[in-house]
1. Assess whether Leu47 counts as being surrounded by 15 or more Cβ atoms within 10 Å (Cβ to Cβ) and at pLDDT below 90.
2. Just a yes or no: is a residue in segment 152-170 modelled with pLDDT of 85 or more and open to solvent by 60 Å² or more (accessible area, probe 1.4 Å)?
3. Please work out which one of (1) closer than 19 Å to Ile137 by Cα; (2) modelled with pLDDT of 95 or more is the condition Ala71 fails and give its number.
4. Can you tell me which of (1) out of contact with any Leu (no Cβ under 6 Å at 6 or more places or on another chain); (2) open to solvent by 50 Å² or more (accessible area, probe 1.4 Å); (3) not aliphatic (A, V, I, L, M) is the one Tyr183 doesn't meet?
5. Do any helices (runs of 4 or more DSSP H) entirely within segment 62-136 hold 1 or more residues that are in contact (Cβ under 8 Å) with a residue 60 or more places away in the chain, and if so, which?
6. Filter segment 137-151 for residues that are open to solvent by 70 Å² or more (accessible area, probe 1.4 Å) and either at pLDDT 80 or above or within 18 Å of Trp197 (Cβ to Cβ) (or both) and give the result.
Amino acid sequence: MNGSNGDTTDGRTRRAETARTRSAAPARTTKPGRVRMTGKQRREQLLDIGRTVFAERGYDGTSVEEIAERAGVSKPVVYEHFGGKEGLYAVVVDREMQLLLDMVTGALTGGHSRELLEQAAFALMDYIDTSTDGFKILVRDSPVAQSTGSFASLISDIAVQVEDILGLEFKSRGFDARLAPMYSQMLVGMVALTGQWWLEVRRPGKAEVAAHLVNLAWHGLEGMERHPKLVGDRQL
């Protein structure tokens, strides 16, 4: 009996000591759970990631799997928000088109026609400089089923913004204003293609590129200035 009571007492003592040790030990820290996003926040996250991946890999090289993996979500989440890769691509392109159009139209603040041309050239160069990924997406071919977002449609949409300006200039000089849409396509196309080239080389600087663009557009090959300079306020 005494031995039995001794064993019982020892067992209770050990259990009590163990309990005290556990209570004295520092509490385990648990990793905070992943912050849940609202539907709007998740959509914006997927758009940002999709924009980056489309710029890196192009439309054909981009997969829903990679976008979902980078976002830390499952593929169905991407499908839920955009219906698939094409839907995500379309929203990314529409946003970039609107941003570029806003920058171009916002830059056309008036003044001499040559200065307006400088402003348009600078707006495109600024967009390429600050939204490089977006421009990379816009200048690539869009998927066959996508009717907008191609480089050609980009040029056309911007050209429409400068048709009225050219039309007024043509009228004041006695030219056929009906040709203004064609000339606006020529001018914008020249600037856009030059911007595509400058995207890779980044030399010379924006101001010098804009000056030479305007030099060719304003004077033509025959009347080009040897050392063109800008007439507007933008110099950088």
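1. On the way: surrounded by 15 or more Cβ atoms within 10 Å (Cβ to Cβ): yes; at pLDDT below 90: no.
In short, no.
2. There is no residue in segment 152-170 that is modelled with pLDDT of 85 or more and open to solvent by 60 Å² or more (accessible area, probe 1.4 Å).
3. In the conditions (1) closer than 19 Å to Ile137 by Cα; (2) modelled with pLDDT of 95 or more, Ala71 misses (1) alone.
4. (1)
5. Values: elements: 64-71, 75-82, 85-107, 113-130.
Per the criteria, 85-107, 113-130.
6. Looking only at segment 137-151, we keep the residues that are open to solvent by 70 Å² or more (accessible area, probe 1.4 Å), and these are 140-141, 144-145, 147.
Listed by number, the residues that qualify are Arg140, Asp141.
The values are calculated or read from the model by the stated rules, or taken from the named source; none is laboratory data. Owing to the predicted nature of the structure, the values given are computational and were not obtained by experimental measurement. Every residue, glycine among them, receives a Cβ derived from its backbone with ideal geometry; neighbour counts consider all protein chains shown. These accessible areas exclude ligands, DNA and RNA; they are computed on the full protein's heavy atoms, side chains included. Shrake-Rupley method; radii C 1.70, N 1.55, O 1.52, S 1.80 Å.
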